[in-house]
1. Looking only at residues that are of a type outside the set (Asp, Glu) and assigned to a loop (DSSP other than H, G, I, E, B) in region 720-745, which one is farthest from SER259 (Cα to Cα)?
2. Looking only at region 813-851, how many residues end up being in contact with a His (Cβ under 8 Å, 6 or more places away or on another chain) and either free of Cβ contacts under 8 Å to residues at least 24 places away in the same chain or hydrophobic (A, V, I, L, M, F, W, C) (or both)?
3. Residues that are touching a Lys or Arg at 6+ places or on another chain (Cβ under 6 Å) and open to solvent by 40 Å² or more (accessible area, probe 1.4 Å): does region 331-352 have at least one?
4. Is at least one residue of region 262-269 in a helix (DSSP H, G or I) and of a type in the set (Gly, Ala, Ser)?
5. Could you check region 684-729 and list, in sequence order, the residues that are free of Cβ contacts under 8 Å to residues at least 12 places away in the same chain and charged (D, E, K, R)?
6. Please work out if ARG725 is surrounded by fewer than 24 Cβ atoms within 10 Å (Cβ to Cβ), at pLDDT 95 or above and among the charged types (D, E, K, R).
7. Among the residues that make up region 747-763, is at least one of them in a helix (DSSP H, G or I), modelled with pLDDT of 95 or more and either among the charged types (D, E, K, R) or more than 21 Å from TRP582 (Cα to Cα) (or both)?
8. List the residue pairs whose Cβ atoms are under 7 Å apart, where the first residue sits in region 262-278 and is within 17 Å of GLY252 (Cα to Cα) and among the aromatic types (Phe, Trp, Tyr), the second is assigned to a loop (DSSP other than H, G, I, E, B) and open to solvent by less than 20 Å² (accessible area, probe 1.4 Å), and the two are 6 or more positions apart or on different chains.
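The values are calculated or read from the model by the stated rules, or taken from the named source; none is laboratory data. If you're wondering where the values come from, they're calculated on a predicted model, not measured in any experiment. In this analysis, Cβ positions are derived from the backbone assuming ideal geometry, glycine residues included, and neighbour counts consider all displayed protein chains. The accessibility values were calculated without ligands, DNA or RNA, using every heavy atom of the protein model including side chains. Shrake-Rupley method; radii C 1.70, N 1.55, O 1.52, S 1.80 Å.
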Amino acid sequence: MKNETDQKNLSKIKLNVNRTKHVVEVPPDTPLLWVIRDHLGLTGTKYGCGIARCGACTVHVDGEAVRSCRTPVSSVEGKEIVTIEGLSAHGSHPVQQAWIEEDVPQCGYCHSGQIMTAVALLTKKPTPTDADIDDAMSRNICRCGTYQRIRSAIHRASEIMSPGANAGTAGPEGLTLGAKAAGQSNADSMLNPFIRIGADDTVTIMVNHSEMGQGVYTSLPMLVAEELKCDWSTMRVEAAPADSVYYHTLFGMQGTGGSTSVSSEWERLRRAGASAREMLIAAAAKIWNSEKASCRAENGMVIHSSGKKLTYGELAEKAAKMPDPQDLQLADPSTFTVIGKSMKRLDTPEKIDGTGIFGMDVTIPGMLTAVMARPPVFGARVVSFKADKAKDFPGVKDVVQVPTGIAVVADGFWPASQARDALEITWDEGPGAGLSTEGMREEYARLAGTPGAIARKEGDAQSAFQNAAKQISAEYEVPYLAHAAMEPLNCAVDLRPESCEIWTGTQFQSGDRDAAARVTGLKPEQIKIHTTLLGGGFGRRGNPQADFVVEAVEVAKAVKQPVKVIWTRENDMKGGWYRPMWYDRILGGLDERGNLCAWHQTIVGQSVLIASPFESMVVDGIDAASVEGAADMPYEIPNLLVDLHTTENNVPVQWWRSVGHSHTGFVVESFLDEMANAAGKDPYEFRCNLLARRPRHKAVLELAAEKAGWGSSLPENRTRGIALRESFGSFVAEVAEVSVSSEGALRVHRVVCAIDCGRVINPNTVAAQIEGAIVFGLSAALHGAITLKDGRVEQSNFHNYPMVVMNEMPRVEVHIVASEEQPSGVGEPGVPPIAAAVANAVFAATGKRIRRLPISAEHLKQA
């Protein structure tokens, strides 16, 4: 009966994809996206939302850009279909070349769709205006916020495509389209755990931090290259396996987070490069029977004082047998030739031609695909289920129950997802069904009016308030936020009796390995983690419970064959692990001269550290992540009290880009503006006066104000706001320039940022990360909110959890403070100041304070 049903619902459809003819046998309503991916094996076209709202799935059909996730395959029979792989088939397209020249991608997951949309635009409008670009590209979401560079790249592509232009196929710094990490060959020699050199002179760097857009596949090789003295064009990158030798120097585990990748590897990778260099020199000296002192390393060769030369490839095998050198001398920073130079990203080519492999793109022989039905309410459990209708769908192989819900397993994503929706499940919703945002808000407000656990106490705030000339009080609220990475969660597992291999984009390799070992009963050394490219992470792929990995291992155990579990966008949005909801009550006092003399801030919200690998950071009831940016604020306030109420409920929470600073940055910097206004003082000068003993804070504040023209005139109806934040060891100040219409329409026109992140490895990456962080923070400030009603998350996809898109992109200017301090964080520090800078500018425009995010147009309407 099942086979008859399968055949009855299948149609043979003829397709012309990238000038190659195919015949597929699928249900005619199958979206073109899943035929391209699951049947033709072309994974450059990405799944992002499934509702034609993000653009990651864009392909060309008869020259038109279409969203393949909502295009029935039967509707394109006989038409000419082109994917990103087809665009790259005969060398780089000018748009791809421009993407390299402008160093556009970060995580890269959305960029095949971005490029296909851009090509279609340029076909119709060879010399587009900014307005043309905004109109065409605003249907594509980039969670990394690369819009400013996309716009520049489209203009550059237009120039390349203009008559008489010389369009080559190689990008700057020797990058060529399609260049990517190569697998180890038999001719490669391992000089140390981080460096492998091939007989062909390629230098492969084993990078132990996950590449999720922040640029570690370029900045970390730069640390090695500086000391190794190699030819940059020969550099390749490979993800390191899960192994203690690659453990984070600060965390004691292998992982990526806290904007620590560069700072943690600053010395280790330089020493690895210097060690390999000395081994190569020693090998050459031995071959030449000469002293090491007569040899030097330069541009991928060892050169003898006589002029003789040997390439690294010629020396690698012998060098690998040399003893580890002692007393390494690292290069003096004054002699750096790589560190501090803007370098093009090594991973850009594979992210724009469809060859880069994200977790979503992994295939294993014999692999099935699973889609989950998860509880509608956090904490609910399955009472019973019926799978008869689900099993009738063509391609469905099994339906199994695992601890997190019901898995439908099929020979592709589309049949699995369709059958999942046909399941009949009875749930015991439990106490979580009573949760609501309104109820939590009331409880948080009540707690904020009571004393909490003391996080910081200076002086006597209570007495100071009694003697203050003026008091100001305010209550601030920020909602739960989803990470909403462009690549939905996924994990592929091949579980065998004596081993388990896992392919996924993870931020916590060792944690995921150990969790998989617990589920399988295997030893950790029997678990192999393959880290793919990550289509964004923002903390979600570093889950404290390894939830998406554990679930996939459970499904693999149940079905007893290789399986890839794919989360739908709706699964991802409703599936939990959010940035916590926060509620703050603040009282500030001014003395008779308008000086800030007292501050009492009560913070209410859930802990992200309890029951995590970092629970030791919870001391005396204080979660350090809950109060960071408030308890350690830099301003000189003689009487300061910060206390905390840590709440508990069924909503799973974890770190989100910039962690606690994501809410304290908004609250502290907004209320500081309130105090400046109450004192009748300029917000910039008010801050400066409180930073007399904080030179690095003050320097970025002054630089941002200067570059933004603080105090100078602006076009009519525009105003500025300013905010400052130290986080992850870096110092950031941002000035936002906004306008607000009488209908309450808010427009952010310009953001000027100054950052001091210590010694800079790659200035281009720093600028890109700040640009992206500002967009990320703006999405939260202008649109972001996860709300609950009857225990259910009300948001499900990008239509009701929107992102900033191209036509909302402000002009962002990044100014980097020259520093000789140790490198510090870059990926996260740009997020915390932006919401406050915008809110403070809104007050300057309207006289209305923004104390709840996201910013509501209703609140901004003029009387």
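1. Per the criteria, the residue is SER742.
2. So the answer is 3.
3. No, the conditions are met nowhere in region 331-352.
4. Taking every residue of region 262-269 in turn, at least one turns out to be in a helix (DSSP H, G or I) and of a type in the set (Gly, Ala, Ser).
5. Answer for region 684-729, where residues must be free of Cβ contacts under 8 Å to residues at least 12 places away in the same chain and charged (D, E, K, R): GLU685, LYS698, GLU706, GLU716.
6. Criteria not met by ARG725.
7. yes
8. TRP266/PRO823
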